Amino acid sequence: MEKLEMLYEGKAKKVYATADPEKFIVSYKDDATALNGKKKGTIAGKGEINNRMTNYLMQKLEDAGVPTHFVEELNGRETVVKKVTIVPLEVIVRNVAAGSFSKRYGVEEGTVLKAPSLEYSYKCDALDDPLINDYHILAIGLATREELDTIAKYAFAVNEYLKNFLKAYNVDLIDFKLEFGKTSDGTIVLADEISPDTCRFWDSITHEKLDKDRFRRDMGGVEEAYQEMMKRILGE
Ligand code: TMP
């Protein structure tokens with residue numbers, strides 16, 4: 001399958017049309033941004049790591065009963081996906097306090113939460129992706145009640161699966177962000193990516209950060225952290 005015209009360029013990926021009206025090709029970049037685009041850089045090798053890790057995990061999640069947009073990996077950076085309309089929500093699940101949760105509620109980073117938490121942000125760069133609740137989502141019409149229930153069910157299913165999967169590699173799943181899409185027949189599927197860009201991964205023993213927080217917080221060892229996650233999960 002070949003790339004036709006570029007339809008969209010995001011911060012970390014490009015999306016291309018294909019000859020099949022129901023399929024897109026995504027191409028992962030090494031570009032990295034943080035603070036809603038205010039901090040920019042590149043992370044060498046990130047595009048390939050994120051593409052391959054996402055595809056590997058999405059296939060596992062399909063087997064575990066979560067439908068995804070994944071169709072076929074074309075090469076290191078490029079993947080065929082189902083054409084979807086993205087539901088403009090960042091769906092964030094947390095197991096351990098970190099990042100904006102710690103800041104907002106004054107809960108020390110690393111505190112294990114008494115129950116997994118779920119929150120939504122409205123995907124809108126001009127508004128800085130504000131936190132949004134169910135009632136607001138329904139009021140604006142970003143999703144229906146039924147779609148939101150499906151999204152929440154899948155988000156917690158992804159959490160249970162990934163948390164257990166990663167435990168075997170000595171990685172704690174602190175939190176992560178998902179995006180969902182709607183296929184042309186209205187089916188909700190997991191879309192976007194699952195990678196060190198969109199998850200917090202901590203070594204279970206040392207609590208070393210193995211994710212994009214190393215870039216966001218100028219900690220150094222960014223490429224090494226991505227490579228380490230790739231090695232642990234895909235063995236290379
Ligand atoms: P937060 O603590 O900054 O809200 O981030 C929670 C999780 O969501 C963390 O794993 C990083 C991920 N995330 C994204 O993938 N994209 C984003 O734009 C934001 C704000 C967070």
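State yes or no: is Val189 under 15 Å from the mean Cα position of the chain (by Cα), β-branched (Val, Ile, Thr) and more than 16 Å from the ligand (Cβ to nearest atom)?
Working: under 15 Å from the mean Cα position of the chain (by Cα): yes; β-branched (Val, Ile, Thr): yes; more than 16 Å from the ligand (Cβ to nearest atom): yes.
Spelling it out, Val189 is indeed under 15 Å from the mean Cα position of the chain (by Cα), β-branched (Val, Ile, Thr) and more than 16 Å from the ligand (Cβ to nearest atom).
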Test: Lys60 is away from the ligand (no atom under 14 Å from the Cβ), farther than 30 Å from Gly221 by Cβ and either touching a residue at least 60 places away in the same chain (Cβ under 8 Å) or in contact with an Asp or Glu (Cβ under 7 Å, 6 or more places away or on another chain) (or both)
no
So for the stretch 125-132 (the condition being within 11 Å of the ligand (Cβ to nearest atom), crowded, with 18+ Cβ neighbours inside 10 Å and either over 21 Å from the mean Cα position of the chain (by Cα) or closer than 23 Å to Lys182 by Cα (or both)), does at least one residue qualify?
no
Can you tell me which residue within the stretch 92-124, out of those that are within 16 Å of Phe201 (Cα to Cα) and of a type in the set (D, E, K, R), is surrounded by the fewest Cβ atoms within 10 Å (Cβ to Cβ)?
Glu109
Which one of Lys38, Lys3, Lys11 is touching an Asp or Glu at 6+ places or on another chain (Cβ under 8 Å) and either closer than 25 Å to Ala152 by Cβ or at pLDDT below 95 (or both)?
Lys11
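With the condition kept exactly as written, say whether any residue in the stretch 157-168 is within 11 Å of the ligand (Cβ to nearest atom) and part of a loop (DSSP other than H, G, I, E, B). Walk me through it before giving the result.
First, pick out the residues of the stretch 157-168 that are within 11 Å of the ligand (Cβ to nearest atom): none.
No, the conditions are met nowhere in the stretch 157-168.
Which residues, counting only those in the stretch 192-228, are away from the ligand (no atom under 13 Å from the Cβ) and either closer than 16 Å to Met53 by Cβ or not in a loop (DSSP other than H, G, I, E, B) (or both)?
Let us first name the residues in the stretch 192-228 that are away from the ligand (no atom under 13 Å from the Cβ), namely 203-208, 218-228.
Of everything in the stretch 192-228, those that are away from the ligand (no atom under 13 Å from the Cβ) and either closer than 16 Å to Met53 by Cβ or not in a loop (DSSP other than H, G, I, E, B) (or both) turn out to be Asp203, Val222, Glu223, Glu224, Ala225, Tyr226, Gln227, Glu228.
Among the candidates Lys182, Lys153, single out the residue that is without any contact (Cβ under 8 Å) to a residue 24 or more places away in the chain, basic (Lys, Arg), out of contact with any Pro (no Cβ under 9 Å at 6 or more places or on another chain) and more than 24 Å from Gly45 (Cα to Cα). Spell out the reasoning first.
Working: Lys182 fails: without any contact (Cβ under 8 Å) to a residue 24 or more places away in the chain.
Of the residues listed, the single one that is without any contact (Cβ under 8 Å) to a residue 24 or more places away in the chain, basic (Lys, Arg), out of contact with any Pro (no Cβ under 9 Å at 6 or more places or on another chain) and more than 24 Å from Gly45 (Cα to Cα) is Lys153.
Yes or no, residue by residue, for (1) more than 16 Å from the ligand (Cβ to nearest atom); (2) assigned to a strand (DSSP E or B); (3) on the phi < 0 side of the Ramachandran plot:
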| position | (1), (2), (3) |
| --- | --- |
| Lys3 | yes, no, yes |
| Val15 | yes, yes, yes |
| Pro21 | yes, no, yes |
| Ile25 | yes, yes, yes |
| Gly47 | no, no, yes |
| Lys103 | no, no, yes |
| Ala115 | yes, yes, yes |
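It is to be established whether one or more residues within the stretch 71-90 are within 12 Å of the ligand (Cβ to nearest atom), surrounded by 15 or more Cβ atoms within 10 Å (Cβ to Cβ), under 13 Å from the mean Cα position of the chain (by Cα) and at pLDDT 95 or above.
Taking the stretch 71-90 first, the residues within 12 Å of the ligand (Cβ to nearest atom) are 89-90.
The next check asks that each one be surrounded by 15 or more Cβ atoms within 10 Å (Cβ to Cβ); those that pass are 89-90.
Narrowing the set further to residues that are under 13 Å from the mean Cα position of the chain (by Cα) leaves 89-90.
Filter again for at pLDDT 95 or above, leaving 89-90.
So far as the stretch 71-90 goes, yes, one or more of its residues are within 12 Å of the ligand (Cβ to nearest atom), surrounded by 15 or more Cβ atoms within 10 Å (Cβ to Cβ), under 13 Å from the mean Cα position of the chain (by Cα) and at pLDDT 95 or above.
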Which of the residues spanning the stretch 135-168 are of a type in the set (D, E, K, R) and farther than 14 Å from Leu57 by Cβ?
Arg145, Glu146, Glu147, Asp149, Lys153, Lys167
Could you please find all residues in the stretch 102-117 being closer than 24 Å to Gly37 by Cα and touching a strand residue (DSSP E or B) at 6+ places or on another chain (Cβ under 6 Å)?
none
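The values are calculated or read from the model by the stated rules, or taken from the named source; none is laboratory data. Just so it is clear, the structure is predicted and the values come from calculations on it, not from any experiment. All Cβ positions, even for glycine, are placed from backbone atoms using ideal geometry, and neighbour counts span all protein chains on display.
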